[in-house]
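Participant: Just passing along the structure, written as C-alpha cells.
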Amino acid sequence: EAKKAKFGPDDLDAIVEMNALAGAYQAVGRLAEALPLHEEALELNKAKLGPDHPNTLKNSNDLAIGYYAAGRLAEATKLFEQILPRMKAVLGVDHPDTLNCMNGLSVVYKRVGKLDEALALLGQTLELKKSKLGLDHPATLVTMSNLAMAYQHSGQLDRAIALHEQVLEKRKAKLPPDHPSTLTTMNNLASAYLDAGQLDAALKLFEETLPLMKAKLGPDHPSTLTLMNNLAGAYQDAGRLADALALLQEVLQKRRQQRPVVPAEVGRTLVSLGWVLTGLDQAGDAEPFLREGLALQEKHLPPGHGDTALTRSWLGGCLAKQQKFAEAESLLLQGYQGLTQGKATRPERLRQVREALVQLYTACGQHDKAETWRKEGPAKEEGR
C-alpha cells in the first residue's frame, strides 16, 4: 500500500517503467521478480486508467505471458481470453498489441493440447501480421515460428520443418548469429528434426546451438535448460545414454533451484532422467524419478496430455523390469491408449510400449496376450 500511495495522478510514466522493468526481468528468466511487478503495475493501471485502457490491456498481456513462462497455464489462458475481445474492440483486430495477444493465446492453446484452436488462431494471426507488418517483420516471424511449433505438435513435421527453416533463414539474414531469437529458432528446428527421425541433423544443430546459448543467455537461463533437455533426448535416441544422463542431472539440479520453480519443466526432466536410468538397467533408481515426474505432470498438465501418457508407459516399463507386473500392465495399457490418441506421437514410442507389453505378458506366461500385442501394434501404427 505504501508503494501505491507514492503514485500520484501524474505518475503514469512510472507505472509504464515498472511494467517495462518486469519485462526486462522476464527476458532474463527472473520470473520471481517479474511477476509481482507485472501484477502491481496492472493493479495501478486498472485503478488509474480503467480495465480497457491500452496501457492496462498491454500490461495484462505482459502478465499473461509471464504466467505462461512460469507454467501457470490456467491463469495465462484465462487472462488472454479475457483481454483479447477487449483489445479487438478498443485497439482493432490488426493492432500490434492485439496481434501479440492472439499469438500468446495460441501458444497457450498449443501447450495445453488444444491444437486445432492453436492452429486456427495462429493462421489468422499470421495473415493479419503479414498484411499489417510484412513477411520479414520480427513480430511476423514470431508467429511463423509458433505456427511451425503447432504443426510439429500436431504431427505435421514436413510443414513444421519447412517453416522453421524459413524463419531461421530470415533471422540469420537480419540478426547477429547469437541473437536470442535466432538461437530459439535453431533449437526449435533441431527439435523438429529429432521428431522427424533426422537424428544426425538434430544432434549437429543442438550441439552448435548450446555453446552459443550458454554464452549469450547464461548456463542457467530457462531457454538454455530447455535446449539441454532436448539435446539429452537426442543423445538418448542415439544410444548415448551416459551423455544424456550427465546433461539431465545438471538440468534437474538447476530447474529445482529456479525461482519460481516451473513444475511441468521439472517433471519433464525427471521423466527423461528416469527413462535414461531404465535404459542403463538401473530401474530401481529410475522409479522414484518417474513417479515424481508423473505426479507433477498429472497435477500441472491438462487431462489426456501426451506427455503424461508417455510417462505412464515409461513408468510401466520400469516397473516391469522390476517384476512389478500388475501395476506395470495397468500403466502400459493406459500409456498406450493415450499415445494412440495423440496426433504427434512418434511411431517408435508406440513400438516401445508394445514391445514392453509383449515382454511383460511373456514373463507372466500369458502367451496369448503377448502374441496379440506382437500382432496388434503395427496394425495400429500403420492406421495412424
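The values are calculated or read from the model by the stated rules, or taken from the named source; none is laboratory data. As the structure is a computational prediction, the values presented were derived from the model and not from experiment. Heads up, the Cβs are rebuilt from the backbone with ideal geometry, glycines too, and the neighbour counts pull from every protein chain shown. Just the protein is used for accessible areas: all its heavy atoms, side chains included, with ligands, DNA and RNA removed. Shrake-Rupley method; radii C 1.70, N 1.55, O 1.52, S 1.80 Å.
Participant: Quick check for you: which residues of segment 170-198 have the amide N under 15 Å from the point 7 Å beyond the Cα of residue 136 toward its beta carbon?
Facilitator: Once the point is set 7 Å along Cα→Cβ of residue 136, 170-176 turn out to lie under 15 Å by backbone N, inside segment 170-198.
Participant: I've got another one for you. Could you state the principal axis extents of the C-alpha atoms in segment 263-316, from the largest down, to the nearest angstrom?
Facilitator: The Cα atoms of segment 263-316 stretch 31, 18, 12 Å along their principal axes.
Participant: Now, a different point. Report the net charge of residues surrounding residue 140, where surrounding means a beta-carbon distance below 11 angstrom and charges are Lys +1, Arg +1, Asp -1, Glu -1.
Facilitator: After counting each charged neighbour, the total is +2.
Participant: Cross-link candidates for residue 369: which aspartates and glutamates have Cα within less than 14 Å, leaving aside residues fewer than 8 places away along the same chain?
Facilitator: Hits, sequence-local ones excluded: 329, 355.
Participant: Another question about this same structure. Checking the table 46/88; 132/216; 88/214 against a 27 Å threshold on Cα-Cα, which pairs fail?
Facilitator: Pairs exceeding 27 Å: 132/216; 88/214.
Participant: Under 16 Å between alpha carbons, and skipping anything fewer than 8 positions from residue 204 in its own chain: which aspartates and glutamates qualify?
Facilitator: Candidates past the 8-residue exclusion: 165, 195, 237, 243.
Participant: What whole-number volume per residue, in cubic angstrom, does the convex hull of the C-alpha atoms of the chain give?
Facilitator: With only Cα atoms used, the chain gives 139 Å³ per residue.
Participant: Quick check: Cα centre of segment 89-156 to Cα centre of segment 327-354, how many Å?
Facilitator: Comparing the Cα centres of segment 89-156 and segment 327-354, I get a distance of 31 Å.
Participant: Please check: in the Gaussian network model of the chain (C-alpha springs, under 10 Å), which one of 13, 116, 220 has the largest mean-square fluctuation.
Facilitator: Looking only at 13, 116, 220, the largest GNM fluctuation is found for 13.
Participant: Give the relative contact order (percent, whole number) for segment 135-182; include only Cα pairs under 8 Å separated by 6+ residues.
Facilitator: 28
Participant: Moving on. Averaged over all directions, how much area does the convex hull of the C-alpha atoms of segment 140-223 cover when projected, in nm²?
Facilitator: In nm², the orientation-averaged hull projection of segment 140-223 is 5.1.
Participant: What accessible surface, in Å², does a 1.4 Å probe find on residue 18, ignoring ligands, DNA and RNA and rounding to the nearest 10?
Facilitator: 30
Participant: Which of the GluC sites (Glu not before Pro) across segment 299-363 are loop residues per DSSP, with 12 or fewer other Cβ within 10 Å?
Facilitator: Sites meeting the loop and neighbour criteria: none at all.
Participant: Another question, if that's okay. Working out 0.36 nm times the residue gap between residue 196 and residue 175, then minus their Cα-Cα distance, what length gain in nm do you get to one decimal?
Facilitator: That works out to 4.8 nm of additional length.
Participant: If we count every other residue with Cβ under 12 angstrom of residue 57's Cβ, Lys/Arg +1 and Asp/Glu -1, where does the sum land?
Facilitator: +1
Participant: Report the full-extension gain for the segment residue 52 to residue 238: residue separation times 0.36 nm, less the Cα-Cα distance, to one decimal in nm.
Facilitator: Length gained between residue 52 and residue 238: 61.7 nm.
Participant: Let me ask something else about it. Where does the chain land at 222 nm, in deg cm²/dmol rounded to the nearest 500, when only DSSP H runs of n ≥ 4 count, each adding -39500 (n - 2.57), divided by all residues?
Facilitator: -27000 deg cm²/dmol
Participant: Further, regarding this structure: Leaving ligands, DNA and RNA out of it, report the carbon-plus-sulfur percent of the accessible area of the chain at a 1.4 Å probe.
Facilitator: Of all accessible area on the chain, carbon and sulfur atoms account for 52 percent.
Participant: What is segment 234-371's relative contact order, in percent, from Cα pairs under 8 angstrom and six or more apart in sequence?
Facilitator: Once normalised by length, the contact order is 16 percent.
Participant: Let me ask you something else. Give the accessible surface of the chain per residue, rounded to a whole number of Å², with probe radius 1.4 Å and ligands, DNA and RNA excluded.
Facilitator: So the chain comes to 46 Å² accessible per residue, rounded to a whole number.
Participant: Here's a follow-up. How high is the relative contact order of the chain, given as a whole-number percent (alpha carbon pairs under 8 Å, six or more residues apart)?
Facilitator: 8
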